[in-house]
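Remarks on the structure that follows.
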Amino acid sequence: MRKTISRRGFLKGSTSAIVGAAGLAAGAGAGSQVSHGAAPTALITRHADIPAAKGTRAVVVGGGWGGLTMAKYLKKEAPDWDVVLIESHATFMSCPVSNLWLAGLIDLEFISHSYLTAAKNNNYIYFNATVIDVDRSERVVYTSGGQLTYDYLILAPGIDYDWPAVGMLDPEEIHLLHTHYPAAFKPGSEHLTLKRKIDEFEKGLFVLTVPSGNYRCLPGPYERACMIASVFKRKKLKAKVLLLDFNPKVKIKAEGFQAAFQELYKDYLEYVPSVTVHRVDVLNKTVIGEFDDYQFDDASIYPRVRGALLIETLGLVAESSPQKEARINLFRNHLHDDLRVYVIGDSRPMGYSKSGSTANDEAKYVAKVIVGLDKGKKLEWKGPYTSCYSMVNADPPEAIYFGSQYLPPLIAHTPMDMERTVKAWIERGSAFAWRDQNMNRSPEMGQAMYAWAYGYYKDLFG
Ligand SMILES: Cc1cc2nc3c(=O)[nH]c(=O)nc-3n(C[C@H](O)[C@H](O)[C@H](O)COP(=O)(O)OP(=O)(O)OC[C@H]3O[C@@H](n4cnc5c(N)ncnc54)[C@H](O)[C@@H]3O)c2cc1C
């Protein structure tokens with residue numbers, strides 16, 4: 001029988017307070033409408049307001065962890081190339097270590113950086129615009145700020161949310177969910193909203209969800225649960241984080257997270273595995289699960305992730321990718337039919353961890369691949385390295401660690417192959433060449449985590 005789990009039940013530390021049944025609300029309909037308006041002539045004719053190309057031009061789309069690294073290292077590999085980084089945002093805000101900011105361990109300045117500084121220090125052009133379309137036959141990129149041509153195009157647009165995967169089909173409901181209970185797994189306003197929610201929370205249940213699939217930052221939701229619980233603990237609130245996980249157990253660094261849940265946050269955090277979110281009833285503040293419903297006072301709902309919308313807009317989705325990631329050569333990241341276009345970062349289809357350190361290491365390798373191929377040289381395949389700290393305690397700051405090096409990708413022909421590959425990679429680790437793990441939280445690891453972030457910011461912006 002379907003149950004509604006009340007706020008009161010969880011706050012008492014018991015899952016047995018079942019107060020009644022709640023039916024699924026009527027399913028939302030409505031698909032998206034395609035408009036066939038006039039061609040955007042103003043964009044087609046206008047040229048981007050940037051210096052003229054002085055040589056081979058590489059255009060990098062997306063100024064996140066992958067794109068920033070790519071722009072810098074292309075310039076290092078080929079100093080005479082003209083490199084343009086196109087990014088929608090005017091400032092960079094880091095997702096990595098943002099959970100520490102949510103708990104008040106670092107300030108916003110530590111995770112905010114200037115694109116202008118990165119471009120000046122590394123001698124490339126930063127163009128603040130949004131890419132709308134690409135003409136691969138003419139090698140033209142169309143942006144909100146006009147068009148520009150390229151010799152090489154590297155797409156690093158990150159992720160978008162797969163709303164239908166959590167039963168959200170109606171644009172009105174999606175809008176409500178996104179504005180009221182943002183995931184904060186894309187940086188910017190979502191993070192600022194979540195921070196304010198945590199700061200203002202006084203009592204009750206704060207729900208977080210962990211999605212299915214290869215989502216961005218596997219340990220991120222568990223780290224966030226610890227950090228929010230640490231705030232409730234510090235303030236001695238009558239409040240609890242309720243972590244609803246699609247997975248049957250903590251997906252990564254399980255030993256370290258479970259120890260933190262039990263030893264540090266017994267009264268402030270409750271972990272519920274195997275919860276498939278069918279829908280979120282925003283107005284009634286309820287997560288509708290497959291079997292049970294969970295009422296909350298506040299929440300941050302993390303839907304399943306998919307390759308960025310830009311990949312789909314450009315017609316580059318791999319049929320074999322269940323998460324709408326790009327159709328690329330798994331060893332060298334270029335499109336199968338176009339050696340001038342590459343996709344890196346979280347929009348890639350390989351089962352690597354969707355993490356900043358992975359995107360950074362991958363971009364350095366792909367920069368070498370591009371410049372090498374331009375000079376007629378084919379590089380040996382090199383897998384990326386994932387280096388990942390998670391803060392589990394705030395007082396004192398204590399972290400755990402997991403690092404891995406990948407074996408060559410497995411070829412997957414169907415969505416099922418790919419799902420199986422990703423599952424094997426992540427859960428059994430069969431494609432990791434080695435894993436280095438330290439699940440004993442310690443203040444030394446906490447300090448190492450700050451140094452990790454500082455080192456990467458220096459690499460991206462210095
Ligand atoms: C809370 C949280 C904690 C995390 N912790 C860690 C951690 O500790 N360690 C770690 O290694 N990783 C961590 N990650 C993961 C990491 O942030 C991502 O994996 C990484 O940012 C991926 O890099 P990317 O370049 O693919 O995408 P992003 O960094 O998201 O960059 C994509 C960029 O593309 C831009 N863009 C998209 N479409 C367009 C367009 N059409 N035109 C112009 N620009 C466009 C976006 O604005 C964005 O800036 C964390 C993530 C989160 C959310």
Estimated distance in nm for a label pair at GLU172 and VAL140, the labels positioned 7 Å out from Cα along Cα-to-Cβ: 4.0 nm
Full-stretch length increase - ASP151, GLU312 - with 0.36 nm per residue and alpha-carbon distance subtracted: 55.8 nm
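Would you mind ranking SER404, SER230, SER442 so that the residue whose beta carbon has the fewest other beta carbons within 10 Å leads the list?
On the way: SER404 22, SER230 26, SER442 16.
Ranked by crowding around the Cβ, least crowded first: SER442, SER404, SER230.
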Too-long pairs where the Cα-Cα distance tops 22 Å, listed order kept, from LYS54/LYS75; LYS240/LYS354; LYS364/LYS458; LYS186/LYS235; LYS238/LYS266; LYS285/LYS354: LYS240/LYS354; LYS186/LYS235; LYS285/LYS354
Rough spin-label spacing in nm, given labels placed 7 Å along Cα→Cβ, for GLU319 and THR56: 3.3 nm
Debye log10 I(q)/I(0) for segment 52-168, one point scatterer per Cα, at q = 0.12, 0.13, 0.15 Å⁻¹: -0.50, -0.57, -0.72
Full-extension gain in nm, ASN284 to THR179, via 0.36 nm per residue minus C-alpha separation: 36.3 nm
Whole-Å distance, taken between Cα centres, linking segment 253-290 and segment 359-411: 30 Å
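Multiplying the sequence separation of ASN123 and ASN440 by 0.36 nm and subtracting their Cα-Cα distance, what value in nm do you get? It would help to have the intermediate numbers written out before the result.
Working: separation 317, 0.36 × 317 = 114.12 nm, distance 4.20 nm.
Here the segment from ASN123 to ASN440 would lengthen by 109.9 nm.
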LYS266 versus LEU407: modelled label distance in nm, points set 7 Å from Cα along the beta carbon direction: 4.2 nm
Rounded FRET efficiency, nearest 0.05, which uses the C-beta distance separating LEU108 from LEU237 and R0 of 22 Å: 0.45
Sequence-distant aspartates and glutamates (8 or more away, or on other chains) whose Cα lies within less than 15 Å of LYS197: ASP297, ASP298
Descending semi-axes in whole angstrom, ellipsoid equivalent of segment 43-87, from the Cα gyration tensor: 20, 15, 6
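Could you compute the FRET efficiency for ASP80 and THR130, with r as their C-beta to C-beta distance and R0 at 41 Å, rounded to 0.05? Spell out each step's value before the answer.
On the way: r = 29 Å, r/R0 = 0.70.
Given R0 = 41 Å and the Cβ-Cβ separation, E is 0.90.
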Estimated vicinal HN-Hα couplings, Hz - segment 189-198 in sequence order (Karplus 6.51, -1.76, 1.60; Gly, Pro = x): 4, 4, 5, 5, 4, 5, 4, 5, 4, 5
Residue range of the chain that is longest and free of trypsin sites (Lys or Arg not before Pro) which are both DSSP loop and sparsely packed (at most 14 other C-beta within 10 Å): 55-234
Fewest-first ranking of GLU444, GLU109, using other Cβ atoms within 10 Å as the exposure measure: GLU109, GLU444
Exposure proxy order (Cβ contacts within 10 Å, fewest to most) of LEU169, LEU74: LEU169, LEU74
Relative counts (whole %) of C-alpha pair distances in the chain, using bins that are 10 Å wide: 4, 20, 30, 26, 14, 5, 1
Residues in segment 105-139 reached by a label modelled at ASP49 [backbone nitrogen below 13 Å; 7 Å Cα→Cβ]: 127-129
Approximate shape of segment 161-305 as ellipsoid semi-axes (Cα gyration tensor, √5λ), whole Å, largest first: 22, 18, 14
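Values in this text are rule-based calculations from the coordinates and carry no lab data. It should be emphasised that the depicted structure is a prediction, and the values quoted were computed from it without experimental measurement. Counting neighbours? That spans all protein chains shown, and the Cβs are built from the backbone with ideal geometry, glycine included.
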